[in-house]
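Inspection log for the structure reproduced underneath, given as structure tokens.
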Amino acid sequence: MIAQQVAIDHPAAVRTLTLIYTTAHNGHILADEVDKRRHLPAVRNRAEAIERFLQNEAPCATDRYPHDEAWLRELGGLMYDRDHDPAAAERQLAAIYTASDRGPALTAITSPTAILHGDGDRLIDTAASRELHAIIAGSTLTIYPGMGHSLPRSLWPDIVAEIRHVSAHNRDHHQPGHVATARRDPVGRSCASTITTWTRVKGVRVVSV
């Protein structure tokens with residue numbers, strides 16, 4: 001969401017844009033699940049902070065891509081050690097819920113844009129990414145079956161390839177109204193893929209793993 005706002009406010013500073021399970025407005029947020037994170041009692045120490053992190057991250061996993069609990073425990077501890085701020089999560093949610101709809105302004109984006117989402121996301125509906133894809137001309141949309149609101153390690157090579165592709169595409173892009181062309185050959189990809197034509201509204205790529 002921050003990347004969208006930067007692209008809107010400072011378009012000359014944004015050469016390429018990658019949007020991962022995000023939305024132009026809060027209408028696509030699955031509030032029942034998100035609101036469970038709000039107004040929880042403050043944690044009192046490092047151990048409680050790690051358990052709270054696991055609790056908050058639990059809805060982001062799916063049966064297909066379960067969390068690596070050991071890694072999350074390590075990450076939660078590192079986050080606590082670096083800068084523990086009990087009010088940070090509430091501030092973030094408040095900013096999300098009070099932000100205005102960025103959709104109308106996003107139509108002006110001409111930077112090459114990749115949009116990634118998982119169809120198992122329980123926090124933000126995949127309709128949000130489909131809407132972004134329809135709004136941002138020339139964007140590409142990749143849907144990962146079974147992926148939730150997280151970036152599973154097994155998908156990292158494919159996700160990195162998408163980001164590298166849109167970054168490389170920037171070299172041939174700087175004309176207003178440019179529409180991205182399809183990649184017909186997924187050679188070197190980590191996953192077998194079904195790729196349709198990239199266009200302004202169509203062009204959804206579904207990754208089959």
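The values are calculated or read from the model by the stated rules, or taken from the named source; none is laboratory data. Values in this document were obtained by computation on a predicted structure and should not be read as measured data. Note that we place each Cβ from the backbone using ideal geometry, even for glycine, and neighbour counts take in every protein chain shown.
Could you please give the count of residues in the range 100-132 that are more than 16 Å from the chain's Cα centre (by Cα) and without any contact (Cβ under 8 Å) to a residue 60 or more places away in the chain?
Residues meeting the conditions: 2.
Return only the number of the condition from (1) more than 24 Å from R153 (Cβ to Cβ); (2) within 17 Å of the chain's Cα centre (by Cα) that R46 does not satisfy.
(2)
Do the conditions hold for R64, that is, is it out of contact with any helix residue (DSSP H, G or I) (no Cβ under 9 Å at 6 or more places or on another chain) and more than 28 Å from A127 (Cα to Cα)?
No; evaluated as a whole, the condition is false for this residue.
Out of Y21, Y80, Y65, which single residue is closer than 30 Å to P104 by Cα and at pLDDT 90 or above?
Y21
For the range 147-167, which positions are of a type outside the set (G, A, S) and in a loop (DSSP other than H, G, I, E, B)?
Matches in the range 147-167: M147, H149, L151, P152.
Name the pairs: first residue in the range 67-92 and over 24 Å from D35 (Cβ atoms), second residue part of a helix (DSSP H, G or I), Cβ to Cβ under 6 Å, at least 6 apart or on different chains?
Hits for this filter: R73/I50; G77/I50.
Since P104 meets every condition but one in (1) in a helix (DSSP H, G or I); (2) modelled with pLDDT under 95; (3) surrounded by fewer than 16 Cβ atoms within 10 Å (Cβ to Cβ), which condition does it not meet?
(2)
Go through the range 146-189 residue by residue and tally those that are among the charged types (D, E, K, R), at pLDDT 90 or above and farther than 30 Å from A13 by Cβ.
Qualifying residue count for the region: 1.
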